[in-house]
Amino acid sequence: MARRPVAVVAAIVLFGEAVGLAFVHWILGRVVDSQSMSMAGLDSNVMSASTWVLGGVMGLFLAGCGLVLLLAGLRDRAPGRFGRILLISCAITHGVLGALTVGLVGWSAFAFMMVVLGLVVLSLLAYGKRDRTGSGVQDTPPLVPGEQPPPGPPAAPASA
């Protein structure tokens, strides 16, 4: 399977999404600040600052996910435990936001979110589980019934 190109394409898409999301939040913060809007007595300066902070945090989160995927694609190795957790949380976020965007933005935004979700999940599944030494991915093909296993280190005895 072409797991390296999928990981690199997913990284590029996440980098673009990070920049776009930070830009949209910056614009929203400026609009709230210039209009002096208030919701439920909340200060407009607090609202605009929190919008900018949220945009920055989400942009950094998506850029971090993109960096994990880019490194996995360039090294052709599965991400570590922290990287996998980051990518799983990214997939969950895209799934939830995709469900919300159907009603709020439309089907095209939903389709984009599902494409990004698919790229992240495909990258996670393509790299599979890491081996016990942490040196890479287990790429041993399954045995056909009646076939002898390849020579290698002896198996550890089964504990009772």
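Computed values, structure above
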{"item": "Test: residue in region 36-44 that is part of a helix (DSSP H, G or I) and exposed (fewer than 15 other Cβ atoms within 10 Å of the Cβ)", "result": "no"}
{"item": "Search result, residues across region 75-115 that are of a type in the set (Ser, Thr, Tyr) and either open to solvent by 30 Å² or more (accessible area, probe 1.4 Å) or in contact with a Lys or Arg (Cβ under 8 Å, 6 or more places away or on another chain) (or both)", "result": "89, 93, 108"}
{"item": "Matching residues, region 60-74, being open to solvent by 10 Å² or more (accessible area, probe 1.4 Å) and either touching a Phe, Trp or Tyr at 6+ places or on another chain (Cβ under 6 Å) or closer than 18 Å to residue 119 by Cβ (or both)", "result": "61, 63, 64, 67, 68, 70, 71, 74"}
{"item": "Out of 68, 57, sole residue that is in a helix (DSSP H, G or I), farther than 26 Å from residue 5 by Cβ and not polar (S, T, N, Q)", "result": "57"}
{"item": "Hits in region 17-35 (condition: open to solvent by less than 80 Å² (accessible area, probe 1.4 Å) and within 19 Å of the chain's Cα centre (by Cα))", "result": "17, 18, 20, 21, 22"}
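The values are calculated or read from the model by the stated rules, or taken from the named source; none is laboratory data. Note that the structure is a prediction, hence the values are computed from the model and not measured. Every residue, glycine among them, receives a Cβ derived from its backbone with ideal geometry; neighbour counts consider all protein chains shown. What goes into the accessible areas is simple: the full protein's heavy atoms, side chains included, and nothing from ligands, DNA or RNA. Shrake-Rupley method; radii C 1.70, N 1.55, O 1.52, S 1.80 Å.
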